[in-house]
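Structure record follows, encoded as structure tokens.
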There are 2 protein chains.
Amino acid sequence: MRKVYLDNAATTPLLPEVREAMLPFLGEDFGNPSCLHSWGDVAREAMEDARNQVAQLIAADAEEIIFTASGTESNNFAVKGLALAQQNKGKHVVVSAIEHFSVLHSAKTLEKWGFELSLIPVDKYGMVSPDDVRKNLRKDTVLVSIMHANGEVGTIEPIKEIAKIAKEKGVVFHTDAVAVAGTAPVDVKELGIDALSLAGNQFYGPKGVGALWVRKGVRIIPFLDGGVQEGGRRAGTENVPAIVGLGKAAELAKANMASRTEHLTRLRNRLLTELPSKIKHVVVTGHPQDRLPGHASFCVEFIEGEAMLMLLNSQGVAVTSGSACTSRALKASHVLIAMGLSHALAQGSLLFSFGLDNTSQDIDYVLEVLAPVVDRLRQMSPLYAKFTKTSKGG
Amino acid sequence: MRKVYLDNAATTPLLPEVREAMLPFLGEDFGNPSCLHSWGDVAREAMEDARNQVAQLIAADAEEIIFTASGTESNNFAVKGLALAQQNKGKHVVVSAIEHFSVLHSAKTLEKWGFELSLIPVDKYGMVSPDDVRKNLRKDTVLVSIMHANGEVGTIEPIKEIAKIAKEKGVVFHTDAVAVAGTAPVDVKELGIDALSLAGNQFYGPKGVGALWVRKGVRIIPFLDGGVQEGGRRAGTENVPAIVGLGKAAELAKANMASRTEHLTRLRNRLLTELPSKIKHVVVTGHPQDRLPGHASFCVEFIEGEAMLMLLNSQGVAVTSGSACTSRALKASHVLIAMGLSHALAQGSLLFSFGLDNTSQDIDYVLEVLAPVVDRLRQMSPLYAKFTKTSKGG
């Protein structure tokens, strides 16, 4: 059976070059970077090289990069750490309604700590309006966190415009760029932002490593208390092999950005066009143009997404129905609901996220196996029976 | 030049079997365990196997194990999460004065959040007295956290006795067992404790992974907000390769505990005996008997530890002068100060931590190179000049 992995939004495979870069640090070069001896020196130098590579990916300074263990940790650190650092100034934070749960739930934790939270709505494409952000800024607003792109529907947000508004009001602006960094060009200076989260496993680097970029001069309270690693900003023995892998993945992403984008966009555009033409009652979710290169998302009416995943999996195809982080929660996506979709439609969400290894033949195969899967599930669907009856009757 | 690594307390190398177990998950088996497809299944099953292996190491139930990214994260999670979960009951926590900074600074963060903190002193061996813990328990005490053993001086604390006292008073008891788990036998039921932290890189497993064991029925507030991973207790894409490595390391540690302990204890005892006989004005730190198997720590009078490290490093010998997590802070160890040592003496601290690869020849070499290093540094030491003058004069 053909095996087609189309769940790169959940996690990407390691590139062989990334794995090769990591292997010495799983072997002889096992030192702890904090140690004042040659084993420590080797680890520390490799880690600082990686810090440069990650900084270059987003046009930042190396000393502004703090390594973390995941995008989730970066987001917890940013939202809680930036808000807490400014609580004497005010206790109001602003995030969008479609943030990843690591931002949204961190903001809700801030609420428990006495902060007020404003959620910015999105339009039917999942787009945040800069004007809505402006309207929600108050004198006591200390943090705005709006994601760079949404991992479930692919929509790229107008970060530069929002950052400008935040800056005018003197409010710190953080963006969760986990879905973007390493996949599309990011220039933190050009964007005019204050902090940015990224994660290695989103661009062919390892799991277990992420980074938080915080612009020099912006105060943040440490999230992990303990030793003086990362300039006292993030305690814990550094995960050197993963950090080295993240650095290599960043270097490769920057070097090959144009060709990768071209490849992924071609595949994505083909699926966005052809799937709705082959299968009835399918809605494209997310913005038609302003979306992540490798990202094609849909809602298939009258069907539960999870059943589709199972049947596609039995045909060797790996896709998802929303975010991997919530796939086991079995709730309709808060993103799709915020975009105004009905719960019933949101249940049928289907996300294809392409990677470097995918080919046009993969799309042929997916289109071939998906149609009978949808037919089969619709035949079992009471909602579909009702719909067809009504249609015939109408 | 001979290379002798004696800094296993900072981090251990990966065992080849651990690395082998990890490699597939840095290759083909790259799936995200949260995903509902075959790539996810492979990752999830491997992760659950690892959870069993870790549980067995400490005689716990697998479902009680929460994977984290480090011992530091486990300690932050435990101290903050256990205290916050009970803040309606009271806001007083008790920790020892010689805790790792990930416990101590987490407790200080709790102070900022309105908790009161009592620090338990230690005796000259770094030993906590259970009676002191008892005296510090109050009606509003909600958490006691005392480390299982101290990583700087090796002293093993009377955890079972302390846990019993906490239990009598209905207070949750956590222990930072990062220096012990995988190195000496741990049985959480036998100890009668509620929560325990451990870290992979302390027993030939990978960096970037730890675990927090929390006894079933004990409430804890999540530290990392976000997705529903780890039963909703710890968000973030799981670091599967590292988790698999941690599992394998736990399995090997359990299987080979007796022979490892015997090997390490023999080396440690030899150094504890011979070093003070070869070099004048050396004090053994930590408890003479109740100490970690591979752990020999000293203070060398009239010398700065860091200068010793540098000269030993130039001879191929890797040791440390306290905790790796604070080695760059260049302060006298809070552990040694709490044990009543003077700042001057604490500056001369020297920690040798043996590993599986070390041999008796390594000790021969260290003793051979250390004596001239100490002589050379003492010749440059104004303190030593003063001492010898006084001695001669006296």
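The values are calculated or read from the model by the stated rules, or taken from the named source; none is laboratory data. For clarity, every value in this text was computed on a predicted model and none was experimentally measured. Counting neighbours? That spans all protein chains shown, and the Cβs are built from the backbone with ideal geometry, glycine included. SASA here: full protein model, heavy atoms, side chains in, ligands and nucleic acids out. Shrake-Rupley method; radii C 1.70, N 1.55, O 1.52, S 1.80 Å.
Assorted remarks:
- Single unsatisfied condition, B:Asp290 versus (1) more than 11 Å from every other protein chain (Cβ to nearest Cβ); (2) free of Cβ contacts under 8 Å to residues at least 40 places away in the same chain: (2)
- All of B:Leu246, B:Leu198, B:Leu264 fail the test of being outside any loop (DSSP other than H, G, I, E, B), away from chain A (no Cβ under 14 Å) and either under 25 Å from A:Lys331 (Cβ atoms) or within 19 Å of the chain's Cα centre (by Cα) (or both), apart from B:Leu264.
- Qualifying residue in segment A:52-67 (condition: within 27 Å of B:Glu28 (Cα to Cα), touching a residue at least 24 places away in the same chain (Cβ under 8 Å), facing another protein chain (nearest Cβ under 10 Å) and β-branched (Val, Ile, Thr)): no
- Across segment A:84-111, the qualifying residues are those that are under 17 Å from B:Leu224 (Cβ atoms) and in a loop (DSSP other than H, G, I, E, B), and the one among them that is farthest from the other protein chains (Cβ to nearest Cβ) is A:Glu99.
- Extreme residue, farthest from A:Pro206 (Cα to Cα), among residues of segment B:10-19 that are open to solvent by less than 30 Å² (accessible area, probe 1.4 Å) and more than 7 Å from every other protein chain (Cβ to nearest Cβ): B:Thr12
- Residue check for B:Lys124: surrounded by fewer than 21 Cβ atoms within 10 Å (Cβ to Cβ) and free of Cβ contacts under 8 Å to residues at least 12 places away in the same chain: no
- Candidates in segment B:208-234 are the residues that are under 24 Å from the mean Cα position of the chain (by Cα) and more than 24 Å from B:Lys189 (Cα to Cα); of these, the one that is farthest from the other protein chains (Cβ to nearest Cβ) is B:Phe223.
- Any chance B:Val133 is open to solvent by 10 Å² or more (accessible area, probe 1.4 Å), closer than 25 Å to B:Arg291 by Cα and outside any strand (DSSP E or B): no
- Only a single item in (1) crowded, with 20+ Cβ neighbours inside 10 Å; (2) more than 25 Å from B:Glu230 (Cα to Cα) is not met by B:Glu73, and it is number (2).
- Residue match in segment B:351-370 (condition: open to solvent by 10 Å² or more (accessible area, probe 1.4 Å), small (Gly, Ala, Ser), at pLDDT below 95 and within 24 Å of B:Pro293 (Cα to Cα)): no
- Every residue from segment A:192-207 that is surrounded by 24 or more Cβ atoms within 10 Å (Cβ to Cβ) and farther than 18 Å from B:Gly245 by Cβ: A:Ile193, A:Asp194, A:Ala195, A:Leu196, A:Ser197, A:Leu198, A:Ala199, A:Gln202, A:Phe203, A:Tyr204
- Hits in segment B:194-224 - residues which are over 26 Å from B:Ala10 (Cα atoms) and of a type in the set (A, V, I, L, M, F, W, C): B:Val218, B:Ile220, B:Ile221
- Within segment B:32-47, restricting attention to residues that are more than 7 Å from chain A (Cβ to nearest Cβ) and open to solvent by less than 50 Å² (accessible area, probe 1.4 Å), the residue that is nearest to the chain's Cα centre (by Cα) is B:Met47.
- Of the residues making up segment B:311-322, those that are open to solvent by 10 Å² or more (accessible area, probe 1.4 Å) and either more than 7 Å from chain A (Cβ to nearest Cβ) or at positive phi (or both) number 4.
- Qualifying residue in segment B:20-30 (condition: open to solvent by 10 Å² or more (accessible area, probe 1.4 Å), more than 13 Å from every other protein chain (Cβ to nearest Cβ) and within 21 Å of B:Ala235 (Cα to Cα)): no
- Filtered residue count, segment A:333-350, keeping only those that are surrounded by fewer than 20 Cβ atoms within 10 Å (Cβ to Cβ) and closer than 22 Å to A:Arg378 by Cα: 3
- If you go through segment A:3-59 and keep only what is under 22 Å from B:Arg44 (Cα atoms) and assigned to a loop (DSSP other than H, G, I, E, B), you end up with A:Lys3, A:Leu6, A:Asn8, A:Ala9, A:Ala10, A:Thr11, A:Thr12, A:Pro13, A:Leu14, A:Leu15.
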